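Right, one structure below, let's go through it.
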Amino acid sequence: MLWRGRRQSDNIEDDRSGGGGLGDQGGGQFRIPIGGNAGGGGMSLSGLVIIGVVCLIGWGVFGINPLQLFGQLTGSGDIGAGQVVSDSSQNSAPASSGANDEMKQFVATVLAETEDTWTGIFKANGMTYEDPKLVLFTGQIRSACGFATAAAGPFYCPGDHKVYLDMAFFQQLQQQFGASGEFARAYVIAHEVGHHVQNLTGILPKFNQMRQGMSEVDANKMSVKVELQADCFAGVWAHYTAQKGILEQGDIESALNAAKQIGDDTLQKKMQGYVVPESFNHGTSQQRQTWLARGYKSGKISDCDTFNNPI
């Protein structure tokens with residue numbers, strides 16, 4: 001991924017020195033585990049949740065179609081690098097030394113690219129995109145959704161419109177999950193930003209009104225649809241990023257491999273040796289790859305309707 005020298009987002013909050021403080025465990029933050037196993041001292045199967053907030057909603061459930069908020073957008077290539085509000089080739093942040101600083105620059109650059117793309121898409125349809133904040137932390141953090149540790153993995157909190165990331169996750173993504181490459185990391189960030197898009201379109205507030213009445217089984221089924229949509233949104237972002245000439249050979253394959261490695265079935269097989277399909281809440285490896293590839297291939301928001309299409 002040709003990210004160096006491009007604009008870096010100012011919406012980074014670096015809390016790595018403060019540790020985020022302690023707080024009560026709160027609801028609303030859901031994430032992928034990055035260590036442990038299904039028994040003993042590791043993470044339980046119930047902890048094998050997700051790589052972002054479980055939105056758990058659907059078009060049919062709420063009687064609304066968030067895609068209507070994007071007007072007649074079909075993503076046929078009209079909103080590309082030329083129309084996306086982007087000055088990515090300018091105003092790059094000054095470089096600093098150290099691998100950790102470079103990783104922060106990478107995260108800030110990817111976040112800036114998502115800002116440019118989604119700002120352009122929203123603007124083209126008469127809407128205003130609100131940039132999310134991305135909080136870097138080490139070890140533990142307190143968000144509007146409650147307290148989390150690094151073992152929770154990256155997550156998005158709709159309560160404060162922030163993405164939370166301990167960058168140690170990237171190392172474990174490669175070493176533990178076998179998902180290497182810069183664009184695999186970029187996919188993780190773009191997926192979380194996809195949840196932010198869902199929040200801005202009013203889906204998450206609707207869910208919060210009715211999730212108390214959902215059974216665990218129904219919530220899991222709806223969660224899969226929402227998570228796959230976030231994967232598709234990440235693919236849409238990748239589509240327009242490719243139009244800017246940023247992607248290199250092997251980048252998309254790297255992201256698709258990451259999607260495979262964090263599929264529910266693959267994770268459960270690795271952690272406990274067998275799968276429990278009714279507990280899936282992110283989707284299988286094949287499903288995650290399919291929807292990521294679908295968004296990337298077409299660039300159409302309308303193609304990310306996981307609720308009215310077979311998943």
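The values are calculated or read from the model by the stated rules, or taken from the named source; none is laboratory data. What you see is a predicted model; the values in this text were computed from it and never measured. Note that each Cβ is placed from the backbone with ideal geometry, even for glycine, and that neighbours are counted across all protein chains shown.
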Is it true that some residue in segment 169-182 is in a helix (DSSP H, G or I) and either more than 30 Å from residue 248 (Cβ to Cβ) or among the aromatic types (Phe, Trp, Tyr) (or both)? yes
Kindly evaluate residue 253 against the criterion of being part of a helix (DSSP H, G or I), in contact with a helix residue (DSSP H, G or I) (Cβ under 9 Å, 6 or more places away or on another chain) and over 22 Å from residue 180 (Cβ atoms). no
Failed condition for residue 246, given (1) surrounded by 18 or more Cβ atoms within 10 Å (Cβ to Cβ); (2) in a helix (DSSP H, G or I); (3) under 20 Å from the mean Cα position of the chain (by Cα): (2)
In segment 106-149, anything at pLDDT below 95, among the hydroxyl-bearing types (Ser, Thr, Tyr) and outside any strand (DSSP E or B) is listed as 138
Every listed condition ((1) at pLDDT below 50; (2) under 17 Å from residue 204 (Cα atoms); (3) assigned to a loop (DSSP other than H, G, I, E, B); (4) over 16 Å from the mean Cα position of the chain (by Cα)) holds for residue 55 save (4)
Can you find, within segment 288-311, the residue that is modelled with the highest pLDDT among those that are part of a loop (DSSP other than H, G, I, E, B) and over 19 Å from residue 257 (Cα atoms)? 299
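Hey, among 198, 174, which residue is of a type outside the set (D, E, K, R) and either surrounded by fewer than 18 Cβ atoms within 10 Å (Cβ to Cβ) or more than 27 Å from residue 126 (Cβ to Cβ) (or both)?
Numbers: 198 fails: either surrounded by fewer than 18 Cβ atoms within 10 Å (Cβ to Cβ) or more than 27 Å from residue 126 (Cβ to Cβ) (or both).
Exactly one of 198, 174 is of a type outside the set (D, E, K, R) and either surrounded by fewer than 18 Cβ atoms within 10 Å (Cβ to Cβ) or more than 27 Å from residue 126 (Cβ to Cβ) (or both), namely 174.
Would you be able to tell me the number of residues in segment 150-164 that are at pLDDT 90 or above and in contact with a Ser or Thr (Cβ under 9 Å, 6 or more places away or on another chain)?
So in segment 150-164, the residues at pLDDT 90 or above come out as 154-164.
Checking which are in contact with a Ser or Thr (Cβ under 9 Å, 6 or more places away or on another chain) leaves us with 155, 157, 159-160, 162, 164.
Result for segment 150-164: 6.
When you check residue 290 against the structure, is it polar (S, T, N, Q) and either buried (at least 23 other Cβ atoms within 10 Å of the Cβ) or in contact with a helix residue (DSSP H, G or I) (Cβ under 6 Å, 6 or more places away or on another chain) (or both), yes or no? I'd like the intermediate steps shown before the answer.
Details: polar (S, T, N, Q): yes; either buried (at least 23 other Cβ atoms within 10 Å of the Cβ) or in contact with a helix residue (DSSP H, G or I) (Cβ under 6 Å, 6 or more places away or on another chain) (or both): no.
Judged against the criteria, residue 290 is not a match.
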